[in-house]
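The values are calculated or read from the model by the stated rules, or taken from the named source; none is laboratory data. Bear in mind the structure is a predicted one, so any value in this text is a computation, not a measurement. So basically every Cβ, Gly included, is an ideal-geometry build from the backbone, and we count neighbours across all protein chains shown. Just so you know, the surface numbers come from the protein's heavy atoms only, side chains and all, with ligands and any DNA or RNA stripped out. Shrake-Rupley method; radii C 1.70, N 1.55, O 1.52, S 1.80 Å.
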Amino acid sequence: MSRCMVLNSSYEFLTIQERWVDALSLVIAGKATPLEHYPDVVRSQHEHFHLPAVVVMRYHVKTQRKRTLFHAPTRRAVFVRDNFECQYCGGRLSMTTGTRDHVLPRSRGGEDTLGNVVAACRPCNFRKDDRTPDEAGMQLRQRPRPLTEDEKVQCLLKTVRAKERNAWVACLKRLGLQLWAA
């Protein structure tokens, strides 16, 4: 069946409920309100229920997150944003063959943020070394930027089914929501 995105009462991303029955239990118990449903229906002997795609908790759930989830330049976030391509030569990357490169090196005051980190292949990263792209005679294919809402959804799970992504992104767009407020 389908997974469910759970938002906190502040409409910020909280978690992904892997089992549909757990998400439905939150709704039936009155702990969450569904914002979007899948077309799928489950039936009991006396009732039928639409499976929730996105729910919002009725009460605030405290979390221990120190750094905002979608602003950290993790390998997955950088590679998804850059479409698994080296931003210098355009070569294809995988999670094992690619590297993260700081456009302005950290040794020169560059920050470890999505606005300063790009995906790069090992040869390009080695060639650029501890220099800026201009100093190394290299050109960026795209400037580093924050993640879009669709890219945030792709970063949530290793595999996001198209049906889930479409339902989640449609709900977020319809309500004008962002997964994680800055």
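Could we say that VAL6 is of a type in the set (A, V, I, L, M, F, W, C), modelled with pLDDT of 90 or more, over 18 Å from LEU177 (Cβ atoms) and crowded, with 19+ Cβ neighbours inside 10 Å here?
Numbers: of a type in the set (A, V, I, L, M, F, W, C): yes; modelled with pLDDT of 90 or more: yes; over 18 Å from LEU177 (Cβ atoms): no; crowded, with 19+ Cβ neighbours inside 10 Å: yes.
When the stated conditions are applied, VAL6 does not pass them.
Within the set of pairs 6 or more residues apart or between chains, which connect a residue that is closer than 12 Å to PRO39 by Cα inside the stretch 160-171 to a residue that is of a type in the set (A, V, I, L, M, F, W, C) with Cβ atoms less than 6 Å apart?
Sorted first by the residue in the stretch 160-171, then by its partner, the pairs are ALA167/ALA53.
Within the set of pairs 6 or more residues apart or between chains, which connect a residue that is more than 18 Å from ASN8 (Cβ to Cβ) inside the stretch 23-39 to a residue that is surrounded by 19 or more Cβ atoms within 10 Å (Cβ to Cβ) and among the aromatic types (Phe, Trp, Tyr) with Cβ atoms less than 6 Å apart?
Hits for this filter: zero, empty list.
I need a count of the residues in the stretch 106-115 that are open to solvent by less than 50 Å² (accessible area, probe 1.4 Å) and either modelled with pLDDT of 95 or more or among the acidic types (Asp, Glu) (or both).
Total satisfying the criteria: 1.
Considering only residues of the stretch 22-64 that are assigned to a strand (DSSP E or B) and either among the basic types (Lys, Arg) or over 24 Å from VAL169 (Cβ atoms) (or both), which is most open to solvent (accessible area, probe 1.4 Å)? Let's see the steps before the verdict.
Initially, the stretch 22-64 is screened for residues assigned to a strand (DSSP E or B), giving 32-43, 48-57.
Okay, now just the ones that are also either among the basic types (Lys, Arg) or over 24 Å from VAL169 (Cβ atoms) (or both), so 43, 48.
Numbers: ARG43: 183, HIS48: 110 Å².
Among residues in the stretch 22-64 that are assigned to a strand (DSSP E or B) and either among the basic types (Lys, Arg) or over 24 Å from VAL169 (Cβ atoms) (or both), the one most open to solvent (accessible area, probe 1.4 Å) is ARG43.
For the structure I just gave you, tell me whether ALA72 is under 22 Å from ARG174 (Cα atoms), open to solvent by less than 60 Å² (accessible area, probe 1.4 Å) and modelled with pLDDT under 95.
Details: under 22 Å from ARG174 (Cα atoms): no; open to solvent by less than 60 Å² (accessible area, probe 1.4 Å): yes; modelled with pLDDT under 95: yes.
Answer is no for this residue.
Which residue is nearest to ARG141 (Cα to Cα), if the candidates are limited to the stretch 87-105 and must be part of a loop (DSSP other than H, G, I, E, B) and among the small types (Gly, Ala, Ser)? Break it down into steps so the answer makes sense when it comes.
Residues of the stretch 87-105 part of a loop (DSSP other than H, G, I, E, B): 87-91, 93-97, 103-105.
Subset that is among the small types (Gly, Ala, Ser): 90-91, 94.
Working: GLY90: 8, GLY91: 11, SER94: 18 Å.
My answer is GLY90.
Tell me the residue from ALA136, ALA167, ALA120 that is surrounded by 15 or more Cβ atoms within 10 Å (Cβ to Cβ) and either more than 17 Å from the chain's Cα centre (by Cα) or over 25 Å from PRO52 (Cβ atoms) (or both), please.
ALA120
Looking only at residues in the stretch 10-19 that are open to solvent by less than 80 Å² (accessible area, probe 1.4 Å) and either at pLDDT 90 or above or not small (Gly, Ala, Ser) (or both), which one is nearest to ASP150 (Cα to Cα)?
Across the stretch 10-19, the extreme among qualifying residues is PHE13.
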